[in-house]
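Comments concern the structure below.
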Amino acid sequence: MRTPLFLFCFLLLACCAGPGSYQTPSSLQPVRPIDRAKSGSYEIDIEARGQIMSNFIFAVTLTNDSNQPLRIDPAKWYYEAYNVKRGRANKYQDGPNYAIDAREQLTYWENRLDTIKKAQNPYSLDGKSAGDIAVEGLVTGSIALLFGQDNQEVEQRRRWEDEEWEDDFTEQVAFTEQYIEFWRTEALKDTIIGPGGTLKGKILLPVNRNAQLIRVHTPLAGEKPVFPFKQH
């Protein structure tokens, strides 16, 4: 079975879940100081996990230390990109770069899966009546005769196309279901954390490969913790 590039990329994401396990063309290293904790309110930690499909991946751990519910909306989190010259950071003008909205992605991929599953294999004989098959056989035979082809070769070609279509169909379904699982269970979404609660998940932000420094902003409870990273 052939494995398309997009499925390979996603399997890379699924298999490389541990810290430091990504093999990427560039990497992000944290820069100190980092806004890690807000006394009496919350504690947030962000760890760079590499890149996938032109996105930075960050693993987030967030604890609500207050006695009030804490709402988070990762789709409003973003980073600003900088170049550093002579020790001075100069901001790019293409920002801010917002995190990908997990709920929108989940809806998109669920709809895509529904569309994929409704597709019909044009090469399959399943579900066709004997009359339909006979007509198709006559048409195929006529075409084969017209082009000087052997009927057996034409039928072998149809079977090969049938298998190829089914393989591609199975791969697309598997890839889409894995993406749905990621956005449903691993990605952080707009949610509320109760007092004392801890939430873990991932956010994806579009890559800027030219930036030497990025500063990730995570608006929370009227504050804006900043996490700077150097890119190598």
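Each value in this text was obtained by applying a stated rule to the coordinates, not by laboratory testing. Just so it is clear, the model here is predicted, and its values are computed rather than measured.
For the reader, a short list of remarks on this structure follows.
- Per-residue extension of 0.36 nm, minus the Cα-Cα distance of Asn90 and Glu171, leaves a gain of 24.7 nm for this segment.
- Whole-percent P(r), region 75-126, all Cα pairs, 10 Å bins from 0: 19, 23, 20, 17, 12, 7, 2.
- Note, ³J(HN,Hα) from phi for region 62-73, Karplus 6.51, -1.76, 1.60, rounded to Hz, x at Gly and Pro: 10, 10, 8, 8, 8, 9, 10, x, 10, 9, 10, 9
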